[in-house]
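Take a look at this one; I'll ask things after.
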Amino acid sequence: MAKSKSVFFCQQCGYESAKWMGQCPACREWNTFTEEPVLISAAGSKARAAGAAKASPKAISEISGDDVIRISTGIGELDRVLGGGFVPGSLILVGGDPGIGKSTLLLQVCRNLSSENKNVLYISGEESLTQIRLRAERIGEFTDSLKLLCETDLGVIEECITASKPSCVIIDSIQTMSSADISSSPGSVSQVRESTNILLRIAKTLGITIFIVGHVTKEGTVAGPRVLEHMVDTVLYFEGDRHASYRILRGVKNRFGSTNEIGVFEMSGSGLSEVENASAYMLDGRPEGASGSVVVCSMEGTRPILLEIQALITRTSFGMPRRQATGADYNRVNLLMAVLERRTGLKLADCDAYVNLTGGIRISEPALDLGMAMAIASGFKNRPVDPHTVVFGEVGLSGEVRSVTQVEARVKEAARLGFETCIIPSGNASKLKEIKDIKLIGVSSLEDCIQLIG
Ligand code: TYD
Ligand code: MG
């Protein structure tokens, strides 16, 4: 006998509670609890008992690791974020703001897989077949091994997948899917959770890779949020300014590879194209000889990327100085300004500061500290930093410059793009061998570094 009860979920963070609450104790949002029925099936515990009898643990040496095969999506940047292609039977969540290009990217994956005669099923709950067809025409040629389906009922979807056994399925989007077993509306926490559970079971039992599209709320989490992230194998997020043409795909969780790899794409008239030389792309249009502009180097997984930090420092016309950070961590900007004021004597307390990491990318790596401090100092003094210089290093609270990792890769990237000088932590400089075509300057304190501006 199925017994029904209901619980309350916070629609913001997925917190579960037996009673209604005005404020969510987890995310502190007000008025986010809604009642959702939960179905408890008596058959579940019996099935569990039967499963326990069959379960037989294996020694770790009995399990071979060689049988993990990876299938290329045909998009190099996506493969890189996935750790070299996707693993059959995995569940992959692609999140991002509406309109950022999730459906476009996955349709391109479908095109590549179908051109290798792999069967792919694209299930959309958002668009009509004609709309998908129109988009596909912009992207390129498709073969008939791609099948389209407009459906939102997971029971029907499950039957369809079981009958056709495609090698890859796209679910666009999880917020539109619903299971008939649960009476709450599509997009609610319990529906999203149940739908993902069903898809997880399909993926694992049939060995089919399922890509799930998830929309992101304005707070930056997938709606019906954390509940989804822990169930899937891989979580990818699309970032970037919707009005600019570049898009950054970031791996947040990956059970089959490393996270923190990023893929850079550009939205063009015929879908998303890959940007291989990300540094050149990020530095495009950089003003030369402007004060407050510094080139830094950040490691994104295994790849170094050069970026420009801009700082505009002006005397405040209000009582409270205004501080703003775009792309960089706001608290880090405040902290660096305090360190600069205390340790190098720059009078920043009554200045407005606007710090911007150009390219719409969001990075909080500590190696950006030194470049950020230098941009602020350069902006304050209104003296430019040599435009052929790359700066990186972590700054401590005493104004000391601390070593960072993977220095050689960073310096080589700077040399590759034609930079002439690298200002790096002295702790790193002493260990580093000479690198062709680039001069290294080791600094041990923020004060030394600021003096280089003049
Ligand atoms: P879409 O992939 O539908 O975004 P999502 O699924 O994440 O909501 O659409 C991305 C945007 O890109 C859309 O506003 C139209 C635009 N676009 C192009 O500029 N060029 C193209 O070739 C395509 C297919 C879309
Ligand atoms: Mg879409």
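The values are calculated or read from the model by the stated rules, or taken from the named source; none is laboratory data. Only a predicted model underlies this, so the values are computations on that prediction, with no experimental measurement involved. No Cβ is skipped: glycine too gets one built from the backbone with ideal geometry, and neighbour counts run over all protein chains shown. Just the protein is used for accessible areas: all its heavy atoms, side chains included, with ligands, DNA and RNA removed. Shrake-Rupley method; radii C 1.70, N 1.55, O 1.52, S 1.80 Å.
Just name the residue that is nearest to Gly14 (Cα to Cα) out of those in the stretch 163-193 that are open to solvent by less than 60 Å² (accessible area, probe 1.4 Å), among the polar types (S, T, N, Q) and assigned to a helix (DSSP H, G or I).
Ser190
Another one. Select from the stretch 77-119 the residues that are in a loop (DSSP other than H, G, I, E, B) and in contact with a helix residue (DSSP H, G or I) (Cβ under 6 Å, 6 or more places away or on another chain) and write down the one among them that is nearest to Thr302 (Cα to Cα).
Gly85
Which of the residues belonging to the stretch 352-377 are over 27 Å from the mean Cα position of the chain (by Cα) and surrounded by fewer than 23 Cβ atoms within 10 Å (Cβ to Cβ)?
Asp352
Tell me which residues, restricted to the stretch 111-141, are surrounded by 12 or more Cβ atoms within 10 Å (Cβ to Cβ) and β-branched (Val, Ile, Thr).
Scanning the stretch 111-141 gives Val120, Ile123, Ile132, Ile139.
Then there's this: Filter the stretch 268-294 down to residues that are within 25 Å of Asn356 (Cβ to Cβ) and free of Cβ contacts under 8 Å to residues at least 12 places away in the same chain and give me whichever is farthest from the chain's Cα centre (by Cα).
Pro287
Also: Can you tell me which condition Gly271 does not meet? The list is (1) at pLDDT 85 or above; (2) touching a strand residue (DSSP E or B) at 6+ places or on another chain (Cβ under 8 Å), and all the others hold.
Just one mismatch for Gly271, condition (2).
Please go through the stretch 239-295 and pick out each residue that is more than 13 Å from Ile361 (Cβ to Cβ) and within 12 Å of ligand 1 (Cβ to nearest atom).
Arg242, His243, Ser245, Glu266, Met267, Ser268, Gly269, Ser270, Gly271, Leu272, Ser273, listed by residue number.
If the requirement is being at pLDDT 90 or above, exposed (fewer than 15 other Cβ atoms within 10 Å of the Cβ) and within 26 Å of the chain's Cα centre (by Cα), which of these qualifies: Gln310, Gln324?
Gln324
Considering each residue of the stretch 120-147, count those that are within 15 Å of ligand 1 (Cβ to nearest atom) and part of a strand (DSSP E or B), and give that number.
3
Could you tell me which numbered condition Ala203 fails, if it satisfies all but one of (1) at pLDDT 90 or above; (2) part of a loop (DSSP other than H, G, I, E, B)?
Ala203 satisfies all of (1) at pLDDT 90 or above; (2) part of a loop (DSSP other than H, G, I, E, B) except (2).
Okay, moving on. May I ask you to say which residue of Tyr237, Tyr246 is within 16 Å of ligand 2 (Cβ to nearest atom) and of a type in the set (Ser, Thr, Tyr)?
Tyr237
Does Ser61 satisfy the criteria of being open to solvent by 70 Å² or more (accessible area, probe 1.4 Å), part of a strand (DSSP E or B) and either modelled with pLDDT of 65 or more or under 26 Å from Asp181 (Cα atoms) (or both)?
no
State all residues of the stretch 82-110 that are buried (at least 19 other Cβ atoms within 10 Å of the Cβ), near ligand 1 (Cβ under 9 Å from one of its atoms) and either of a type in the set (Asp, Glu) or within 15 Å of the chain's Cα centre (by Cα) (or both); if no residue qualifies, say none.
Residues satisfying the conditions are Val94, Gly96, Ile100, Gly101, Lys102, Leu105.
Oh, and also: In the stretch 433-454, what residues are of a type outside the set (D, E, K, R), exposed (fewer than 15 other Cβ atoms within 10 Å of the Cβ) and in a loop (DSSP other than H, G, I, E, B)?
Matches in the stretch 433-454: Gly454 only.
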